[in-house]
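We did not get these values from a lab; they are worked out from the coordinates using the rules stated. All of these numbers come straight from a predicted model, not from anything done at the bench. Here the Cβ is made from the backbone with ideal geometry for all residues, glycine too, and neighbour counts use every protein chain on show.
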Amino acid sequence: MSFFKKVLSSVGIGAAKIDAVLDHNEVAPGDELTGVIKVVGGNVAQEINKIDLDVVCNYTVEVETEDDEVVTEVREYTLSRFVLDEKFTIEPAEHREFPFVLELSEDAPITVGHSKTWLETNLDIDMALDKSDKDYVYVVPNTLQQAVIDALEALGFKLYEADCEGIDSVSFAKLPFVQELEFKTISGQFHGRFDEVELVFFNRGEQLEVIFEIDRKARGFVSFFKEALDLDESKARLVIADDDLEHLEDMISQLLEQHS
């Protein structure tokens with residue numbers, strides 16, 4: 001019977017199980033994820049080589065097929081990793097717990113739109129399929145990011161869509177993608193003057209770099225032809241810190257006026 005139990009455990013039947021229990025599932029970029037890894041023994045004793053915890057997110061990239069067609073492909077990227085590189089044996093029905101602290105990358109995308117982030121816990125077992133556990137993490141804006149979003153909403157904009165899109169390697173981006181937040185006007189002084197405003201956040205320690213892509217509303221024939229040729233888009237850059245929060249709405253308003 002013991003032999004058959006070992007065979008079954010090697011293919012996942014009656015094998016040890018793993019579960020990562022988070023202290024909280026909301027976290028801002030650059031903050032810590034804390035919790036406990038719980039391992040429960042199966043039907044037979046098994047040797048655990050190590051435990052991996054990966055914070056993973058998804059993004060899309062456009063690729064060209066052999067038929068010269070462009071298709072959208074969903075990819076995954078590991079933002080942060082924690083490894084419990086400690087061998088141990090888990091006995092049948094035994095319960096083991098391991099606390100962990102994992103720093104979330106400051107480049108982690110906000111959980112909005114199609115952007116998803118999750119904690120993937122993998123149990124490396126000798127002579128068996130790796131066991132895994134998946135827990136979704138809700139990445140909330142940090143203080144500076146939220147302040148920018150709030151300022152835009154106060155100016156009459158509403159967050160309409162968000163996507164993590166693959167990019168070619170560039171000096172200002174650490175990741176193979178950027179998260180674009182798309183805002184549209186619903187009221188206020190800029191309503192009817194812009195088609196949309198897109199933002200990209202780059203956390204720089206104590207500062208936040210914000211790249212604006214401003215799509216001006218076509219006005220008259222000249223503006224119409226510029227829009228048709230994609231010449232109506234304008235990019236701007238803003239770097240803010242905590243000291244700027246009091247006047248942030250005015251700063252963004254002035255920036256938009258300059259590109260209206």
Checklist entry - For Glu64, Glu209, what ranking results if the residue with the fewest other Cβ atoms within 10 Å of its Cβ goes first? => result Glu64, Glu209
Item to check | Cβ-based exposure ranking for Tyr59, Tyr136, Tyr77, in which fewest neighbours within 10 Å come first | outcome: Tyr136, Tyr77, Tyr59
Next on the checklist: Taking a ≥ b ≥ c as the square roots of the Cα gyration tensor eigenvalues, with a/c under 1.5 meaning rounded and otherwise prolate when a/b beats b/c, else oblate, which class fits the range 2-139?
Outcome noted: oblate
Checklist entry - If you put +1 on each Lys and Arg Cβ and -1 on each Asp and Glu Cβ, how big is the dipole of the range 53-181 around its Cα centre, in Debye rounded to 20? => result 640 debye
Checklist entry - Of Leu104, Leu84, how do they rank once you tally other Cβ atoms within 10 Å and put the fewest first? => result Leu84, Leu104
Checklist entry - Lys/Arg Cβ at +1, Asp/Glu Cβ at -1, dipole of the range 76-140 taken about the Cα centre: which of Val112, Tyr138, Ala93 is farthest positive-ward? => result Val112
Checklist outcome for this item: When the charge dipole of the range 2-139 is computed with +1 on Lys and Arg Cβ and -1 on Asp and Glu Cβ about the Cα centre, the Cα farthest towards its positive end, among Ile125, Val70, Leu22, belongs to Ile125
